[in-house]
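Just below is one structure, and these are the notes that go with it.
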Amino acid sequence: MDKFILSVVHRPELMPEYINTDAQAGKTEELGGTEVVGESLDIFRLQQDIAHANGIKCTIQMTYASLYNDEAIQLAKDYHEKYGDEIAHTFLGVQCDRFRETYGSKELAMWLFPWDLKVRVVRDSFERFKEVFGFYPTSTGSYFMDAELINFIKAEYPMVKTAVAACFEEGPKVFRHTNNTWYTLLDGGPWTAWVPSKACSHAIAENADDDSGIVAVPHLSRDLLGVMDNPGDMFGTHPQNIIRGLAYEDDRLPFMYNLVDQYQAIKRYNKGYSYNLVYVGPGWMGKAGRWECPYRILKKSYEDFMAYYGQLKRQGKVTDMTMTEFADWYRANKAVNEPICALWKDTIFGTKNQCFWYADSKFRIQIDLKLGGAITDIRPYASKLKRPCGAGTSANQDASYPFIVQSRYRGGPFTHYAGEGAIKSAKLRFGGEEVDLSACRSTGRYEEGPGWRKLIVRPVTVEFQHLKVQVETSYTFHENQGTIDIGRKIVGLSDPSAKVEVDEFITACWGTREYPEDLTGCTLAVIDRNGTRNAIDYAYRCREHAAADAAAVEAVIPMVQTRIRMTPKSGPCKGYYEEGYSFAPNLKIGLCRELGLDEELVTVFAIERAN
Amino acid sequence: MAQGKTGKINYRCPMCLFRTIDYDLLYDRDADQFYCRRCNWEGNEMAILSLYRVYKQQYPDMLKRWTVEEILAKNEEADTPGTPAGKGPS
């Protein structure tokens, strides 16, 4: 397969977020004011014209407000007739005078409404859509849609095939970027199209029984390295977001093209397929400019972006599809639990940094190659956590899928003064010295085979005072099995007769953000070869235990219904757990073995649902 | 003192940008000065633009174009960091 697919989405929003918020200028709030509506529709027309001029088909997502605007309705019909654009639906852009009068709410985020209002908004807007266009929409969307909302829509309107269901890695980093006011707390989902689980929309479905019935797409396609330590809203297939990150000079934004080209490149890791979604709201192309950037550059950046896709289309390198066309293609060509994978390379920070992302129905894993290939983010999809969000739920605004490792929110390889941060890595010990492989920068290469994907971390050199050791790390992901074989092989020794101890460990926790969560109730255990189990309930008492010949070490984190287990693939290992304490609120398990030249420690790391 | 207003150009506070916070500056016409309501930065347009220039230094490849082929080939060379020279004593 050689398929790079593009969906371009526009919406005739009548009160764009970034046009009508003009508090500093002292304007009174006037919903649906003539000037705002007029400008917004002008921008919508402009975006449509730019895309069509470059031969790109669009998906027009009708907002609640636009479903009551004759001009917007007529525009959608005309574009559909002339260009074959899909007329679709969105839960963005609900606010207008009619909405306030009907629902009595200023809430703008569909995923945050109380359940009874969600139900009303779905029914009212879908029925209005039918009334206006004569058919029900087959695609919809919002910044986020939880499984409960998707399941309800599918039950009431089974013709829906696809939805913009999340914004990749919009979470605490974006919240902070927006002066703690943009409530898209949605970390933890896939970065490209997936079939969501019926239980949790972030998680990829297990099988046909777990299939929610839609193909979900993220709101934008983002730079997978840029989002790791930066807000994603500066690094996506959204020219004005790149401008927001000041990654441009005059009217030149090469990074915009690099991003598209890197998405083409990752076909290599996805069996010849890759996908881009472009979704620029009209508020980003207002005549008044956006922040420091004048309208001229905002407009030109969109023209240049669409022109590039147009060029790729003429060269046969991209296929433009509406959202529903893409959903049909995905169903015909991809499995319900299709794994997704990317070895991503830096194209903007001027480094050799890389990261590797893998996700299937059991977990989402992020590996940072500059940390020696340490795992720096784990989302345990195996547990299929039910996390409804919105008013009246316990999660409320926090719609993220919880992590059990997040090295930036929870310390990672570097802590101030005490304890250890959340990370999955390995340590080497020799002659009383200890080195964490996360101190050794590297790069990776990729292999794949039937049912498995493999990241090989290029060997790194650890320098002890009297020994140099070269270690190669590998991760073999068994698709949808919930296990990773992690190999640590000694490929070079300055003294070929020397032995070094390898400590394969994970320091885990749970949460969705930076602050620690309570670990009381977690369990830690070492099971030896005789089946003897030494276990404790977590109580911040810094307890430790080790067994010389361990069959497995495991931890259960009941708050996220997750069990993690490490077992040696073969041969003896010392196994241990370390409880942690309040100033180091993590739990740690590990397996250790002495290795000589050309010897390898392979451990099986499993992530399972714990009931 | 006069009410602060959004300037003709809606600049963001450069110091807040450095810690990845978008925060609009206000303009004090009497003092001919922009100021931030979150942190303690204040200054003129030239100071804003020069700090934006510093901000952009985090992107050394900002103006570099990487093609698909260049991205796939990137870091595939033999001299990647930490690659061992060979087995045995060194």
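State whether the residues of the range A:288-297 include one that is over 17 Å from the mean Cα position of the chain (by Cα) and crowded, with 22+ Cβ neighbours inside 10 Å. Steps first, answer last, please.
Filtering the range A:288-297 for residues over 17 Å from the mean Cα position of the chain (by Cα) gives A:288-297.
From what's left, crowded, with 22+ Cβ neighbours inside 10 Å: none.
Within the range A:288-297, none of the residues are over 17 Å from the mean Cα position of the chain (by Cα) and crowded, with 22+ Cβ neighbours inside 10 Å.
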Checklist entry - Looking only at the range A:61-77, which residues are assigned to a helix (DSSP H, G or I) and not polar (S, T, N, Q)? => result A:Leu67, A:Tyr68, A:Asp70, A:Glu71, A:Ala72, A:Ile73, A:Leu75, A:Ala76, A:Lys77
Item to check | Filtered residue count, the range B:14-44, keeping only those that are surrounded by fewer than 16 Cβ atoms within 10 Å (Cβ to Cβ) and in a helix (DSSP H, G or I) | outcome: 1
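Yes or no: A:Ile243 in contact (Cβ under 8 Å) with a residue 40 or more places away in the chain, crowded, with 24+ Cβ neighbours inside 10 Å and within 13 Å of chain B (Cβ to nearest Cβ)? So that I can check it myself, show each step before the final result.
Details: in contact (Cβ under 8 Å) with a residue 40 or more places away in the chain: yes; crowded, with 24+ Cβ neighbours inside 10 Å: no; within 13 Å of chain B (Cβ to nearest Cβ): yes.
Spelling it out, it is not the case that A:Ile243 is in contact (Cβ under 8 Å) with a residue 40 or more places away in the chain, crowded, with 24+ Cβ neighbours inside 10 Å and within 13 Å of chain B (Cβ to nearest Cβ).
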Checklist outcome for this item: Counting only residues that are within 17 Å of A:Leu591 (Cβ to Cβ) and either part of a strand (DSSP E or B) or not assigned by TED's automatic domain parsing to the domain that holds A:Phe363 (or both), the range A:535-562 contains a total of 11
Checklist entry - Quick one: is A:Ala288 in a helix (DSSP H, G or I), small (Gly, Ala, Ser) and either farther than 23 Å from A:Tyr143 by Cβ or modelled with pLDDT under 95 (or both)? => result no
Next on the checklist: Could you check the range A:322-375 and list, in sequence order, the residues that are under 17 Å from A:Ser274 (Cβ atoms) and among the β-branched types (Val, Ile, Thr)?
Outcome noted: A:Ile340, A:Thr347
Checklist entry - Of all residues in the range A:492-517, how many are assigned to a strand (DSSP E or B), within 14 Å of chain B (Cβ to nearest Cβ) and of a type in the set (Gly, Ala, Ser)? => result 1
Checklist outcome for this item: Residue hits (the range B:52-85; modelled with pLDDT of 95 or more and more than 7 Å from chain A (Cβ to nearest Cβ)) are B:Arg53, B:Val54, B:Gln57, B:Glu69, B:Glu70, B:Ala73
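Within the group A:Phe255, A:Phe305, which residue is outside any strand (DSSP E or B) and more than 13 Å from chain B (Cβ to nearest Cβ)? Talk me through it step by step, then tell me what you get.
Numbers: A:Phe255 fails: more than 13 Å from chain B (Cβ to nearest Cβ).
A:Phe305 is the lone residue from the list that is outside any strand (DSSP E or B) and more than 13 Å from chain B (Cβ to nearest Cβ).
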Item to check | Filter result for B:Asp24 (in contact with a Gly (Cβ under 7 Å, 6 or more places away or on another chain) and modelled with pLDDT of 95 or more) | outcome: no
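Can you name the residue in the range B:10-26 that is at the interface with chain A (Cβ under 9 Å from one of its Cβ atoms) and touching a residue at least 24 places away in the same chain (Cβ under 8 Å) and is also farthest from the chain's Cα centre (by Cα) among such residues? Explain how you work it out, then say what you get.
Within the range B:10-26, the subset at the interface with chain A (Cβ under 9 Å from one of its Cβ atoms) is B:10-12, B:16-17, B:19-24, B:26.
With the extra rule that they be touching a residue at least 24 places away in the same chain (Cβ under 8 Å), the set shrinks to B:11, B:16-17.
Numbers: B:Tyr11: 14, B:Cys16: 11, B:Leu17: 7 Å.
It comes out as B:Tyr11.
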Next on the checklist: What's the total number of residues in the range A:76-99 that are in contact with a Lys or Arg (Cβ under 7 Å, 6 or more places away or on another chain) and either among the hydrophobic types (A, V, I, L, M, F, W, C) or surrounded by fewer than 17 Cβ atoms within 10 Å (Cβ to Cβ) (or both)?
Outcome noted: 3
Checklist entry - Just one of A:Tyr275, A:Tyr279 is modelled with pLDDT of 95 or more, within 19 Å of the chain's Cα centre (by Cα), more than 7 Å from chain B (Cβ to nearest Cβ) and farther than 14 Å from A:Tyr302 by Cα; which is it? => result A:Tyr275
Next on the checklist: Within the range A:547-577, take every residue that is free of Cβ contacts under 8 Å to residues at least 40 places away in the same chain and among the charged types (D, E, K, R) and give me the one that is surrounded by the most Cβ atoms within 10 Å (Cβ to Cβ).
Outcome noted: A:Glu554
Checklist entry - For A:Ser407, all conditions in the list (1) of a type in the set (Gly, Ala, Ser); (2) within 28 Å of A:Thr562 (Cα to Cα); (3) touching a residue at least 40 places away in the same chain (Cβ under 8 Å) hold save one; what is the number of the exception? => result (3)
Checklist entry - Would you pick out the residues in the range A:127-161 that are under 27 Å from A:Trp182 (Cβ atoms) and assigned to a helix (DSSP H, G or I)? => result A:Ala147, A:Glu148, A:Leu149, A:Ile150, A:Asn151, A:Phe152, A:Ile153
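Tell me which residues, restricted to the range A:412-428, are part of a loop (DSSP other than H, G, I, E, B), of a type outside the set (Ser, Thr, Tyr) and more than 17 Å from A:Asp229 (Cβ to Cβ).
From the range A:412-428, those part of a loop (DSSP other than H, G, I, E, B) are A:412-422; that's our starting set.
Now drop any that are not of a type outside the set (Ser, Thr, Tyr), which leaves A:412-414, A:416, A:418-422.
The answer is A:His416, A:Ala418, A:Gly419, A:Glu420.
The values are calculated or read from the model by the stated rules, or taken from the named source; none is laboratory data. Fair warning: this is a prediction, and the values are worked out from it, not measured in the lab. Every residue, glycine among them, receives a Cβ derived from its backbone with ideal geometry; neighbour counts consider all protein chains shown.
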